[in-house]
Structure formats: structure tokens, C-alpha cells
Amino acid sequence: MFQLRPYQDDDFDGCAALWDRSGIAAWYNEPKRDIALWQDSPSAEIFVAYRDGQLVGSVCCGHDGHRGWLYAVAVDPDLRRAGLGRQLVRKAEDWLGQQGILKIQLMVRETNRQVLGFYAALGYAYTPRAVMSRWLELPAAPPEDKKLAPDIAVAAGRNTHLDFTVTFLEMDERPSLVPLHPPHRTHVALMRAHSPTVSFYRFLYNGVGEDWNWWYRRQMSDDDLSAILEDERVEVFVLYVEGVPAGYFELDRRDEPTVDLAYFGLLPQFVGRKLGPYMLYQAIEQAWSYEPERMTVNTNTMDHPRALPLYQKFGFRPYRQEKQVIQDPRLNGVIPA
């Protein structure tokens, strides 16, 4: 189905176009310079994939004699989930193994975290390390329509990172909860938004999450976000108060028999009105109506301080914690400063 082979000089235009089309290109990484460096190194190799005469995939692998690294793993957006990414990664692993390399590492930009599940499925695991860098020469100023690269901002003396701890919680049986009702004399309606428009979803996500640094789906393209929202296994329920959107929760059933409470929160003007417990009760009841084996949720120390105790009160149990560091989304423009 796909033809994989080492890079050749006439592959350059196809590679550059693929990297731009797949979203891994950055203005401060010049393809011609990077490819030339990889080609000149005896410790690096580039592989490309073709289909029907078109370059549709790439991976670069290299090593320092001790550890191997993967770079420029790209697949044409129209061919994702066709198994090509796996083939490219395994091809690079085979080459590094032949060089005597026993451990392979890679780095994922904060704006590309949706690929973490892909690498996890291939056996890669999060490794808690502090990655430090220093520019020996700052690249030329970016075009006016580009944001300042966070690592360049660091070189200019600006703190660009946020440290936080993620707590992962679960429940493996339906909890015995006392039915909760909306606050007295508050007219509410909870409705599922079937295939919500991207603009409406962004209104909810951005409004609920801005105070808590919800950045992940802000940086997603409209096409990628729309593909998620149109999946029948992803359910968005909107809470209305007096006819006005007040918050939402999102259930993700794509990993059944586990149901994940992917997002949950209220718009700022509705926080503190005792709507959170009512909405969480409804979310749990809806999730267990599918008779899953497990329900999960996660929260972090940037979220509302009452989020974790609320989840625990309703029967979720912590099973893992993970420290993370991200580029400050308010600095790189993902969230308005």
C-alpha cells in the first residue's frame, strides 16, 4: 500500500509540502537546512513514504551513539489512521537498532499533544525529564503573523512555562448517589448538543476554561475539532440557566468499555451557584447509563481548587498523579494574555 525508502534529493519539495500540510513545520526550522544536516551526518537517516506517486509520509532518525531520536514524523492528514505512522516509526526503530542503539526518545511540542496517544500505542511512555536548551544564534524575527517561539522568548529572559500536577481518577462501579436537583427557584435545562458547531463548542470551551488555562483544544484546527465533535461516541451536554448557556460536560466513549468525563465546567458568571454538583451528578448518571466497566476523569492543580474534592465526593478515586510542564499558553497566544 505504501512504499517506504530512504530520502533522495528529489524528495525535498514533497517533504517540505508534507511538513507544512501536516502542521509540524515551524518558521524557525528551515527544511533545506535541517535536511542537509541530516544527510551529512553518518548517524542520521531520513525515510519517506509514497503512495500513488505522492510523498505522503516522512520520519528522520538519528543518534548520538547512546540514545536515538525521532524527528519530523509526518503523515498526510488524509491518510491518518491508515497505519502509515506506525510503519514509519517502526522503520526508524529498525534502522536505529541496526546502529546498536537500545533506547529511543522523541519530543512533542505542546501544540501537538494530540499525538501522545499514537506514541503510547506504539510503546512509548512519558519520561519525566527537564529538557533545557539554549540558542547559539537566534533565528531571524518571525513573520508578523507568527507568534514568538517560546524557546526564543526564554532566550530573551521571559518565563514561558507552567508547572502543574495532574490527578487521574476512576470509578469501576456505579455509585449510589442521592439524586440531586437544581438549586431552588433556578430554571435549568440540560440538553445534549448533537454535532455542535465548532464556533459554539469554542464558545463553551474557551469560556469555561480560560481562567484555568484550558489550552489543548484552543490550538486544534477547526477540521480536527469538528471530526471529534461529529463522532457519535463523543457527547456534549450543555447546561442552560434561564435559557442562557451556563456550562457543559463532555463524555468520551471512544475507548469503551471505559467512559471518560473529558471536560466539565461552568462559565465564570455561574460558578458558586451550586450548579456544579447537580451537573456532575447528571454526568455520572449519563455515563453509567451505557453500563461501562469504568468511568474516568482527570483534573490538575491549575483547575478550580474544589474540582478534585468534588470528584472524590461523588465516588471517583485517584489512581495516578503526574507532574507536567507546558509552555505558557498566554505567552504563545493560544490563550489571550
*Quick one: divide the alpha-carbon radius of gyration of segment 1-140 by 2.2 N^0.38 Å and tell me what you get.*
1.03
*Lys pairs in the chain, Cα-Cα under 26 Å, at least 8 apart or on separate chains: how many?*
7
*Give me the compactness ratio for segment 215-337, meaning the Cα radius of gyration over 2.2 N^0.38 Å.*
1.12
*Roughly how many Å² of residue 323 are accessible to a 1.4 Å probe, to the nearest 10?*
150
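Run through every distinct alpha carbon pair of segment 224-290 and return the Kirkwood hydrodynamic radius in angstroms, one decimal place.
12.7
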*In segment 255-337, what GluC sites (Glu not before Pro) fall in a loop by DSSP, with at most 13 other Cβ atoms inside 10 Å?*
293
*As a check on your grasp of the helix formula, calculate [θ] at 222 nm for the chain: sum -39500 (n - 2.57) over DSSP H runs of n ≥ 4, divide by the residue count, round to the nearest 500.*
-7500 deg cm²/dmol
*When you have a sec, figure out the Kirkwood radius of the chain from all distinct Cα pair distances and drop it here in Å to one decimal?*
22.6
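How about segment 18-86: which chymotrypsin sites (Phe, Trp or Tyr not before Pro) there lie in a loop by DSSP and see at most 11 other Cβ atoms within 10 Å?
Of the chymotrypsin sites (Phe, Trp or Tyr not before Pro), not one in the loops of segment 18-86 has a Cβ with at most 11 other Cβ atoms within 10 Å.
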*Rg (Å, one decimal) plus Dmax (Å, integer) for the alpha carbons of segment 19-61?*
11.4, 31
*Which residue fluctuates the most in the chain, going by a Gaussian network model with Cα springs under 10 Å, if the choices are 88, 177, 55?*
177
*What share of all Cα pairs of segment 151-300, in percent, falls into each consecutive 10 Å distance bin?*
10, 36, 36, 13, 4, 1
*Diagonalise the Cα gyration tensor of segment 26-87 and give the resulting equivalent ellipsoid semi-axes, square root of 5 times each eigenvalue, largest first, whole Å.*
22, 14, 11
_Neighbour cut-off at most 14 other Cβ (10 Å), DSSP loop, trypsin sites (Lys or Arg not before Pro), segment 18-50_ = none
*In debye, nearest 20, what is the charge dipole magnitude of segment 1-67 about its Cα centre with +1 on Lys and Arg Cβ and -1 on Asp and Glu Cβ, if you could check?*
220
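Per the 1.4 Å probe, what fraction of the accessible area of the chain, in percent, lies on carbon and sulfur atoms?
Within the chain, the accessible surface is 49 percent carbon and sulfur.
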*How much accessible area does residue 228 have with a 1.4 Å probe, in Å² rounded to the nearest 10?*
30
*Could you give the accessible area per residue of the chain, probe 1.4 Å, as a whole number in Å²?*
57
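The values are calculated or read from the model by the stated rules, or taken from the named source; none is laboratory data. Note that this is a predicted model, so its numbers are computed, not measured. Glycine also receives a Cβ, built like all others from the backbone with ideal geometry; neighbour counts cover every protein chain displayed. Surface areas here come from the heavy atoms of the whole protein model, side chains and all, with no ligands, DNA or RNA. Shrake-Rupley method; radii C 1.70, N 1.55, O 1.52, S 1.80 Å.
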